[in-house]
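Student: One structure is given below, represented as structure tokens, and several questions about it will come after.
The values are calculated or read from the model by the stated rules, or taken from the named source; none is laboratory data. Predicted, not measured: the structure shown is a model, and the values here were computed from it. Cβ sites come from the backbone with ideal geometry, for glycine too, and all protein chains shown count toward neighbours. Please note that ligands, DNA and RNA were not included when accessible areas were found on the heavy atoms of the full protein model with its side chains. Shrake-Rupley method; radii C 1.70, N 1.55, O 1.52, S 1.80 Å.
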Amino acid sequence: MTDWDPTQVVARFEHVRAHTESLAAPLSPEDQTVQSMPDVSPTKWHRAHVTWFFETFLLAEHESGFSPFQDQYWFLFNSYYESLGPRYSRPDRGLVTRPGAHEVGDYRRNVDARVRELVEGLDEGTLTKLAPVIELGFHHEQQHQELLLMDIKHVLSRNPLQPVYAGTRRAPSEPDDLGWVEVEGGLVEVGHQGEGFSFDNELPRHRQWLEPYRLADRLVTNGEWLEFMADGGYTRAGLWLSDGWARVNAEAWRAPFYWVEHDGVWLEHTLHGTWPVDPGAPVTHVSFYEAEAYATWAGKRLPTEAEWEHAVVVDGQGDAAHAGGNLADQQAFHPAAAPARAPHGSRLRQVYGDCWEWTASAYHPYPGFHPPEGAIGEYNGKFMSNQMVLRGGCALTPPDHARLTYRNFFPHAARWAMSGVRLADGGAPTTSLQETTA
């Protein structure tokens with residue numbers, strides 16, 4: 001946000017905080033306590049952790065006579081900040097039955113009231129000085145809103161009753177023809193610039209050289225993925241990176257995450273129930289290894305993150321708010337088939353929303369990157385190893401959280417995130433998937 005008037009800051013704070021509670025509202029206290037695998041956190045933990053963030057980085061530093069709401073909460077709800085002391089083991093978060101969901105609500109209300117009082121009492125100069133921490137808190141909570149939905153999707157998928165969270169099933173669709181957008185390349189600039197929020201990993205803006213290339217105009221669909229599967233995609237070692245092939249065999253992968261075959265029909269678990277796979281919708285919940293294998297099978301490749309960002313800029317969709325897309329405000333909470341046309345005369349479809357798009361880029365610092373001093377410096381920089389970058393946002397991403405330069409990142413084998421695939425190549429003549437695999 002650009003207006004740091006206390007009234008506007010409080011309004012933004014209340015909006016972000018209320019949205020988290022609205023996402024948790026359909027869930028029972030029992031739903032909010034379950035941790036279905038180590039990568040998933042309980043809903044009540046997400047609610048408490050983002051509260052801990054404001055308490056730790058804002059109130060503890062600037063509230064007169066500060067005292068924590070509860071001493072042990074700093075141990076329970078610290079995520080990974082080594083400089084702030086010991087923390088409870090991440091894989092064991094589901095064992096913490098107390099505090100319960102209601103007590104976490106008490107914690108949130110207490111901290112909310114104190115943050116409002118603090119902000120309303122700040123002079124303009126002090127508020128401007130604290131603006132980066134406050135806005136980081138907003139975007140941090142939005143990250144956890146997305147994670148809350150990804151995590152509860154996994155939790156509910158493990159329930160044999162297949163409970164519905166929210167959203168509405170769309171009518172089945174068929175894939176349309178895949179098109180290609182030519183990009184000249186050259187010496188380009190990537191990374192955040194100008195006004196507006198960015199995480200530290202989006203900086204500094206820098207130059208990169210790109211050879212001419214082209215990008216698929218939409219995401220890979222379920223129907224195309226079914227062709228990959230039918231052609232032995234999960235059984236042909238030559239399509240896979242060595243680590244990916246080892247994971248395929250160790251975990252018996254034979255379809256995307258959340259897919260299950262029943263009486264010869266592939267079904268997909270979603271937040272609005274379990275339904276037959278929609279051929280025209282983007283394939284989602286696939287790992288980097290699967291995305292890479294599919295691209296190899298198709299005779300193509302994954303784009304680098306610089307290629308993705310530059311193509312979106314030259315396509316006229318650098319402003320995510322103007323471009324729009326199937327983001328969380330649509331409340332479908334699931335990817336949708338590509339629209340017939342790109343927005344506002346552009347050529348690329350599904351740039352923002354639907355699925356986070358795997359890139360071929362390892363999550364490394366940009367040239368000249370330096371993490372901020374203090375505990376905030378642990379936010380991103382220390383994770384720049386053994387992860388791959390994803391771009392664009394997904395159907396669970398808050399709309400004012402998506403942006404051109406956002407660098408999401410997950411390990412190569414991660415599948416529970418809402419991740420999909422956009423193909424690229426070096427500008428060779430277009431060939432169909434059938435031709436490239438014949």
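Student: Starting from the alpha-carbon convex hull of the range 165-320, give the projected area averaged over all orientations, in nm².
Tutor: Across all orientations, the range 165-320 yields a mean hull projection of 12.2 nm².
Student: So I have (1) 0.96; (2) 0.99; (3) 1.08, and one of them is Rg/Rh (Cα atoms, Kirkwood Rh) calculated from this model. Which one is it?
Tutor: Given (1) 0.96; (2) 0.99; (3) 1.08, the calculated one carries the label (1).
Student: So, with a 1.4 angstrom probe, what is the percent of accessible area on the chain that is carbon and sulfur?
Tutor: Carbon and sulfur: 52 percent of the exposed surface of the chain.
Student: Highest first, please rank the peptides 345-355, 169-179 by the mean number of other Cβ atoms sitting within 10 Å of their residues.
Tutor: So the peptides 345-355, 169-179, ranked by packing, come out 345-355, 169-179.
Student: If you stretched the chain out fully between residue 64 and residue 117, how much longer would it get, using 0.36 nm times the residue separation minus the C-alpha to C-alpha distance?
Tutor: 18.0 nm
Student: If the viscosity is 0.692 mPa s and the temperature 37 °C, what Stokes-Einstein diffusion coefficient in µm²/s follows for the range 42-95 when Rh is the Kirkwood radius over Cα pairs?
Tutor: 282
Student: Could you compute the net charge surrounding residue 80? Neighbours are other residues with a C-beta less than 12 Å from the C-beta of residue 80; K and R count +1, D and E count -1.
Tutor: Surrounding charge for residue 80 is +1.
Student: Across 10 Å bins from 0, what is the distribution of all Cα-Cα pair distances for the range 15-139, in whole percents?
Tutor: The calculated distribution, bin by bin, is 12, 43, 34, 10, 1.
Student: Where is the GNM fluctuation largest for the chain (alpha-carbon springs, 10 angstrom cutoff): 128, 274, 359?
Tutor: Fluctuation is largest for 128.
Student: Rounded to the nearest 10 Å², what accessible area does residue 74 have for a 1.4 Å probe in the complete protein model?
Tutor: Roll a 1.4 Å probe over it and residue 74 shows about 70 Å².
Student: Would you work out if the range 235-348 is rounded, prolate or oblate? Take a ≥ b ≥ c from the square roots of the eigenvalues of the alpha-carbon gyration tensor; rounded if a/c is under 1.5, else prolate when a/b is larger than b/c, oblate otherwise.
Tutor: Because a/c hits 1.5 or more and a/b fails to exceed b/c, the range 235-348 counts as oblate.
Student: Once label points are set 7 Å from the Cα along Cα→Cβ at both residue 133 and residue 21, what is their separation, rounded to one decimal in nm?
Tutor: Going from the residue 133 label point to the residue 21 one covers 2.4 nm.
Student: Work out the charge dipole of the chain with +1 on the Cβ of Lys and Arg and -1 on the Cβ of Asp and Glu about the Cα centre, then indicate which of 104, 394, 138 is farthest towards its positive end.
Tutor: The residue sitting farthest along the positive end of the dipole is 104.
Student: So for each of 129-141, 235-247 I average, over its residues, the number of other beta carbons within 10 Å; can you give me the resulting order with the highest mean first?
Tutor: 129-141, 235-247
Student: Over the range 300-438, what portion of Cα pair distances is larger than 21 Å, expressed as a whole percent?
Tutor: Taking all Cα-Cα pairs of the range 300-438, the fraction more than 21 Å apart is 48 percent.
Student: With every protein chain kept in place and ligands, DNA and RNA left out, what is the accessible area per residue of the range 14-167? Probe 1.4 Å, answer in Å².
Tutor: 44
Student: Expressed as an acute angle from 0 to 90° and rounded to the nearest 10, what is the orientation of the C-alpha long axis of helix 242-251 relative to the principal long axis of the chain?
Tutor: For helix 242-251, the angle is close to 80 degrees.
Student: Which FRET efficiency, nearest 0.05, do residue 274 and residue 97 yield, Cβ-Cβ r, R0 30 Å?
Tutor: Here the calculated transfer efficiency is 0.60.
Student: Another question about this same structure. Taking only protein heavy atoms into account and a 1.4 Å probe, give the accessible area per residue of the range 175-314 in Å².
Tutor: Using a 1.4 Å probe on heavy atoms only, each residue of the range 175-314 averages 41 Å².
Student: With a bin width of 10 angstrom, please list the P(r) values of the range 88-194 as percents of all Cα-Cα pairs, from the 0 bin to the one holding the largest distance.
Tutor: Distribution as computed: 9, 20, 25, 24, 16, 6 percent.
Student: Here is a follow-up. In the neighborhood of residue 274, defined by Cβ-to-Cβ distances under 14 Å, what is the net charge if each Lys or Arg adds +1 and each Asp or Glu adds -1?
Tutor: With Lys, Arg at +1 and Asp, Glu at -1, the neighbours total -1.
Student: How far apart, in nm, are the 7 Å Cα→Cβ label points at residue 252 and residue 177?
Tutor: If labels sit at residue 252 and residue 177, their model points lie 4.2 nm apart.
Student: Excluding residues fewer than 8 places away in the same chain, name every one of the lysines whose C-alpha is closer than 25 Å to that of residue 153.
Tutor: Result set, ordered by chain and number: 44.
Student: For the range 1-42, give the magnitude of the charge dipole about the Cα centre (Cβ charges: +1 Lys/Arg, -1 Asp/Glu; no others), in debye to the nearest 20.
Tutor: Its charge dipole is roughly 60 debye.
Student: What does the extension gain come out to for residue 109 and residue 301, with contour length at 0.36 nm per residue minus their alpha carbon separation?
Tutor: Additional length available on full extension: 64.3 nm.
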